[in-house]
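Structure record follows, encoded as structure tokens.
Any read-out appearing in this document is the output of simple, stated calculations on the displayed coordinates, not a laboratory observation. Predicted model only: the values in this text are computed from it and were never measured. Because the Cβ atoms are built from the backbone with ideal geometry, glycine has one as well, and the counts that use them run over all protein chains shown.
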Amino acid sequence: QLYRNRYDGDQVLRITPRGHGEVQFLKELFQNMTVDFWQPSSASLICEDSSVDVHVGHRRTRTLKTQLQQAFIHYEVLISNLQKEMEKQTHSWSSRKRR
Amino acid sequence: SELQYNYEVYHPLGEIQRWMFEMNRTYPHLVDLFSIGRSYEGRPLYVLQLGNRSRHYRKAMWMDCGVHAREWISPAFCQWFVREALGSYQHDSTMRRLMNHLRIFVMPVFNVDGYHYSWKTDRFWRKTRSKNAKYHCRGVDANRNWKVKWCDEGASRHPCDDTYCGPFPESEPEVRAAARFLRKNRKRLQAYISIHAYAQMLLYPYSYKYATIPNFNCVETAAQNAVTALYSAHGVRYRYGPASTTLYVSSGSSIDWAYRHGVPYAFAFELRDTGHYGFLLPEALITPTCTETMRAVRSIALGLLRKC
């Protein structure tokens, strides 16, 4: 398995904070929840109306989504299963090896 | 051999290093391969110097890729650029003129340890692989470790953060080696380009403050020409402007360091895409991304031969 299947079920969410209140909410939320920032490169750089793309582990996706819904913060799922996305891309590698 | 090397796929570090030696062997009159130092884990930091070696040069340009390990499209572009520059020297008069009047230093993989780690262990690793004795977390953000407004706004002092600025400026051997080489060549360096992903932007100083650079008009025109050239390939729009307002404020960045050391044109590219795939940009998009970026970098390089 690629990377020992460690990304199975992980997701990448795009969150778009509107207004200072939502920015503050996200900064506090990510103080206590470990996510991998794809953009911006850290919580301190989150600003209004700018996309926040975060990779969140499969154990935390539900919690994060619930918190965002309860705070009425808009988000979308960019990548629904990171492991599958990588396997899809490395599929060509395996065929290349055969070549 | 070089002819069989596949530029439309991602390659692990070993293959890229073998490719560098092959380019050096295949184009002895146009390429010089050397190491500017060693990484934290002891790997050589290779730079390819492109240009007609029989000609004297007064101007130079530097381009680094792979500063952040997971941004795989970045080293893919540096390889693409080298192939295009060398492969078209004979039949492309513009490229020949560039290579006869300009030395182009290309560092295909800046963060060699991190890039290797992103292939072997963690596909989403960003930083270097240095170890901090006091903390369990590894790595420093190589684009927050330069000695310019070091560890101010937009960088973190916490070793576990992705934007950790390091224990001191130029603490990372990779940053120290590049800074030493750039300082030594700064009189000839007219342009510094650093290739990142993703966001589809072309950024220039300042990153660490909301202010306008003194040669704003020349740099802004060069950036506008570059994104126009990029757009002409596949109709992809890149935003451009000062990094602090176009992306976010960050301190200790390489473009601010290069600009402060007298390089008049310092740019950071954020290549495709805008997030749909993010760092997992499919190999099928390497060709369109690299062809459009090639046009932008050519535009910047050609601008160096003219007076602004």
Percent of Cα-Cα pairs per 10 Å bin, from 0 to the last occupied bin, for segment B:78-217, please list those. 10, 31, 35, 18, 5, 0
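In chain B, what percentage of the DSSP-assigned beta bridges are antiparallel, given to the nearest 5?
Numbers: 13 of 37 bridges.
Just about 35 percent of them are antiparallel.
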So what are segment B:16-148's ellipsoid semi-axes, whole angstrom, largest first, if each one is the square root of 5 times an eigenvalue of the alpha-carbon gyration tensor? 31, 15, 13
Using the alpha carbons of chain A, what is the convex hull volume per residue in cubic angstrom, as a whole number? 98 Å³
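Test of understanding: what is the full-extension gain from B:K307 to B:E22, defined as 0.36 nm times their sequence separation minus their Cα-Cα distance? Could you put the intermediate results ahead of the total?
On the way: separation 285, 0.36 × 285 = 102.60 nm, distance 3.58 nm.
Contour length minus the Cα-Cα distance gives 99.0 nm.
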Karplus 3J(HN,Hα) series, Hz, for segment A:66-74 with 6.51 cos²θ - 1.76 cosθ + 1.60 (x for Gly, Pro): 4, 5, 5, 5, 5, 8, 6, 9, 6
Would you list the P(r) distribution for segment B:32-75, with all Cα-Cα distances sorted into 5 Å bins from 0 and each bin expressed as a whole %? 5, 16, 19, 24, 18, 9, 6, 2
Taking 7 Å along the Cα-to-C-beta vector as the label spot, tell me the B:H234-B:H276 distance in nanometres, rounded to one decimal. 1.0 nm
Please compute the Kirkwood hydrodynamic radius of segment B:1-65 from all pairs of different C-alpha atoms, in Å with one decimal. 13.4 Å
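What is the calculated FRET efficiency for B:R55 to B:A284, with r their C-beta to C-beta distance and R₀ = 30 Å, to the nearest 0.05?
On the way: r = 39 Å, r/R0 = 1.29.
E(calc), rounded to 0.05, equals 0.20.
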When the chain is fully extended, how far beyond the present Cα-Cα distance does B:Y7 get from B:C160, taking 0.36 nm per residue of separation? 51.6 nm
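Mind checking A:39-52 for the average number of partner chain beta-carbons within 10 Å of each residue's beta-carbon? Each step should come with its number before you reach the end.
Details: counts 10, 7, 15, 12, 4, 9, 9, 1, 2, 0, 0, 2, 3, 1.
Mean partner-chain Cβ count within 10 Å for A:39-52: 5.
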Quick one: putting +1 on the C-beta of Lys and Arg, -1 on the C-beta of Asp and Glu, what dipole do you get for segment B:156-308 around its Cα centre, in Debye to the nearest 20? 840 debye
Could you list which residues have their amide H under 5 Å from that of A:W38, counting only those 5 or more apart in sequence or on another chain, with H placed in the peptide plane? A:D53, A:V54, A:H55
In whole Hz, with x marking every Gly and Pro, tabulate ³J(HN,Hα) for segment B:192-206 from phi via Karplus 6.51 cos²θ - 1.76 cosθ + 1.60, θ = phi - 60°. 10, 10, 10, 9, 10, 7, 10, 2, 6, 9, 10, 10, 9, x, 9
Starting from the Kirkwood radius over alpha-carbon pairs of the protein assembly as shown, derive D by Stokes-Einstein at 10 °C in a medium of 1.306 mPa s and give it in µm² s⁻¹. 74 µm²/s
5 Å-binned pair-distance histogram of segment B:167-308 (Cα, whole percent): 2, 10, 19, 22, 20, 16, 9, 3, 0
Can you give the FRET efficiency for A:T61 and B:Y135, using 1/(1 + (r/R0)^6), R0 = 45 Å, r = Cβ-Cβ distance, to the nearest 0.05? 0.95
Of B:S54, B:L33, B:V82, which is farthest on the positive side of the dipole of segment B:1-99, counting Cα position, with +1 on Lys and Arg Cβ, -1 on Asp and Glu Cβ, and the Cα centre as origin? B:S54
Shape of chain B, Cα gyration tensor, a/c cut at 1.5: rounded
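Assigning unit charges at the beta carbon (Lys, Arg +1; Asp, Glu -1) and nothing else, what dipole magnitude in debye, to the nearest 20, does the protein assembly as shown show about its Cα centre?
1300 debye
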With +1 on each Lys and Arg Cβ and -1 on each Asp and Glu Cβ, and nothing else charged, work out how big the dipole of chain B is about its Cα centre, in Debye to the nearest 20. 1180 debye
Links that overshoot a 26 Å alpha carbon limit, given the list A:K88/B:K131; A:K84/B:K120; B:K127/B:K147; B:K187/B:K307; B:K131/B:K187: A:K88/B:K131; B:K131/B:K187
Note the angle between two axes, namely the Cα long axis of helix A:19-32 and the longest principal axis of the Cα atoms of chain A, as a number of degrees from 0 to 90, rounded to the nearest 10. 60 degrees
